[in-house]
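Below is one structure; the comments refer to it alone.
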Amino acid sequence: MREIHRVCSFEIVGPYTLNIRFDDDTEQRINFEPVLGGELFRPLRDLSVFNQAQLDSEVDTLVWPNGADFDPATLHNWPEVVDALIAQTEKWESVAA
C-alpha cells in the first residue's frame, strides 16, 4: 500500500530550492532546477514564476500559477525518485530541441 504524505509548509531557501516540511515531521531540502523541463515545468525556470509557489491546502502539496505541481509522496521521497525525474526531464528536453 502506498503511503500518503501531506506538505504542511515550505520556505524558499535559495534559487529553485525549497525546504519542505511534511505531516510526519520530516523535511526535504529540494533543488528543483534539474527537473524544470518539459511543457509544464519549464516555465518555472523563470525564478519570478518559481517563487510564486503556494501550498494548496486542498491537495496538500505545492502548486504554481501555471498548474505545475508535484505529488506530495514524490516530494517526501525525493532522494529515491530524483534520478528518474532528471532522466525524464532530459528526455523531454531532447524531444523539444
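The values are calculated or read from the model by the stated rules, or taken from the named source; none is laboratory data. Keep in mind the model is a prediction, meaning the values are calculated, not measured. Positions of Cβ are backbone-derived with ideal geometry, glycine not excepted, and every protein chain shown enters the neighbour counts.
Of all the residues that make up region 30-53, how many are among the aliphatic types (A, V, I, L, M) and under 21 Å from Ser94 (Cβ atoms)?
Counting residues in region 30-53 that are among the aliphatic types (A, V, I, L, M) and under 21 Å from Ser94 (Cβ atoms) gives 4.
Yes or no, residue by residue, for (1) in contact (Cβ under 8 Å) with a residue 60 or more places away in the chain; (2) surrounded by 13 or more Cβ atoms within 10 Å (Cβ to Cβ); (3) not hydroxyl-bearing (Ser, Thr, Tyr):
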site	(1), (2), (3)
Cys8	no, yes, yes
Ile12	no, yes, yes
Ile20	no, yes, yes
Asp24	no, no, yes
Phe32	no, yes, yes
Gly37	no, yes, yes
Phe41	no, yes, yes
Ser48	no, no, no
Asn51	no, yes, yes
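One line per residue, one yes/no per condition, for (1) more than 13 Å from the chain's Cα centre (by Cα); (2) modelled with pLDDT of 95 or more:
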position	(1), (2)
Arg2	yes, no
Cys8	yes, yes
Arg29	no, yes
Phe50	no, yes
Leu55	no, yes
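Filter region 59-97 down to the residues that are under 22 Å from Asp25 (Cβ atoms) and acidic (Asp, Glu), then identify the one that is surrounded by the fewest Cβ atoms within 10 Å (Cβ to Cβ).
Checking each candidate, the answer is Glu80.
Out of the residues in region 66-89 that are among the charged types (D, E, K, R) and over 10 Å from the mean Cα position of the chain (by Cα), state the one that is farthest from Glu33 (Cα to Cα).
Glu80
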